[in-house]
Amino acid sequence: GLEIDKPRTDSWRESDASASALAARYYVYVQDFANAKKYAEKALSLHNTMIDLNTIDLINYLGQNMTADIFTASYSPEYYTCWESSYKMYHNKSQSIMVANDELLAAYQPEDLRLQYFYTDKLLGLIFGVTEGNTHYWKTNTLITGTDVAEMYLILAECAARNNDIGTCMENVEMVRINRIAADDYITLPIPGTAKEAVQLVANERWREFPFKSLRWYDIKRLNADGLIDPIILSRDYYEVGETAIDFDTPKVYTLEPGSRKYARPIPKEVVILTGGSVKQNTY
């Protein structure tokens, strides 16, 4: 893809900028921060337009259009990320409702426009009568996971933090935040004292900027493997499922520890078959 020489004209087609952005994402995942920085800088040199939420009148649309076409709102976060800030739109069709847990919602400041514009409790309350745990991510039936200008700035921030260049790290973080926090309430964040604190700050900002876009899963996996910041342990409560019914009287806690084999991805079956079994399937 890096051989593409077509300039970016929109977010529907691949371009030299989108290829560089995808390379930057890949190199962060494999912990090659020198190349991550190289390709994030290249992507931004080719396209660096950011969307300032202070200039977009989303709240009136999202707050009032509780109609039948609720999942096709043209100002949903999915479409906002496909505007001028997006390098390339990758998407998966999904009818799922993305319900935010309390931990994610608490990660936003009250004056964060992402919280105000892109989360709502109206749909589940109005249609299904759900009164608790009903704050969901306002979405269409498409989940957008493509690369974005904000992602490149946060990649540069993390690369700088890992090089103990805390000032450059925060400059890149604030390039994103200034477009996300209500202008009247915008205050720059305190400067972290260590590289570990700076990387944690960047990871938290990525969590707020890219919820429900698959990046969090990969961030948790790579950050746990890296070991610089404190381990991220996931825990969820479920009920026991029997052959004929769900046992609502027996809640069960599932915990995903760092280093768990459950982080492994299955190798495509075709690979195992075509190699005559010399490639062994991942075990869990």
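The values are calculated or read from the model by the stated rules, or taken from the named source; none is laboratory data. Note that the structure is predicted; figures quoted are calculated from it, not measured. Using ideal geometry, Cβ is built from the backbone for each residue, glycine included, and neighbour counts are taken over all protein chains shown. Keep in mind that these areas ignore ligands, DNA and RNA; they rest on the heavy atoms of the full protein, side chains included. Shrake-Rupley method; radii C 1.70, N 1.55, O 1.52, S 1.80 Å.
General observations
- Within region 248-271, residues that are more than 22 Å from D237 (Cβ to Cβ) and of a type in the set (V, I, T) sit with their Cβ atoms under 7 Å from residues that are open to solvent by less than 70 Å² (accessible area, probe 1.4 Å) and modelled with pLDDT under 90, at 6+ positions apart or across chains, in these pairs: I267/N282.
- Reported count of residues in region 1-16, each being under 14 Å from A36 (Cα atoms) and surrounded by 12 or more Cβ atoms within 10 Å (Cβ to Cβ), is 0.
Quick grid of which residues meet (1) at pLDDT below 50; (2) of a type outside the set (A, V, I, L, M, F, W, C); (3) not in a loop (DSSP other than H, G, I, E, B):
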{"residue": "V28", "(1), (2), (3)": "no, no, yes"}
{"residue": "Q31", "(1), (2), (3)": "no, yes, no"}
{"residue": "E41", "(1), (2), (3)": "no, yes, yes"}
{"residue": "L44", "(1), (2), (3)": "no, no, yes"}
{"residue": "N54", "(1), (2), (3)": "no, yes, yes"}
{"residue": "L62", "(1), (2), (3)": "yes, no, yes"}
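- Selected residue [of a type outside the set (A, V, I, L, M) and open to solvent by less than 60 Å² (accessible area, probe 1.4 Å)] from Y263, Y239, Y218: Y263
- Checked against (1) open to solvent by less than 50 Å² (accessible area, probe 1.4 Å); (2) in contact with a helix residue (DSSP H, G or I) (Cβ under 6 Å, 6 or more places away or on another chain); (3) not acidic (D, E), Y284 meets all criteria but (1).
- Positions within region 227-284 being in a helix (DSSP H, G or I) and in contact with a Ser or Thr (Cβ under 8 Å, 6 or more places away or on another chain), in sequence order: R261
- Scanning region 160-170 finds no residues that are within 21 Å of L105 (Cβ to Cβ) and either touching a residue at least 24 places away in the same chain (Cβ under 8 Å) or open to solvent by less than 60 Å² (accessible area, probe 1.4 Å) (or both).
- Test result for K196, modelled with pLDDT under 95 and of a type in the set (K, R): no
- Consider region 1-26 and keep the residues that are in a loop (DSSP other than H, G, I, E, B), free of Cβ contacts under 8 Å to residues at least 60 places away in the same chain and charged (D, E, K, R). The one that is nearest to S214 (Cα to Cα) is D10.
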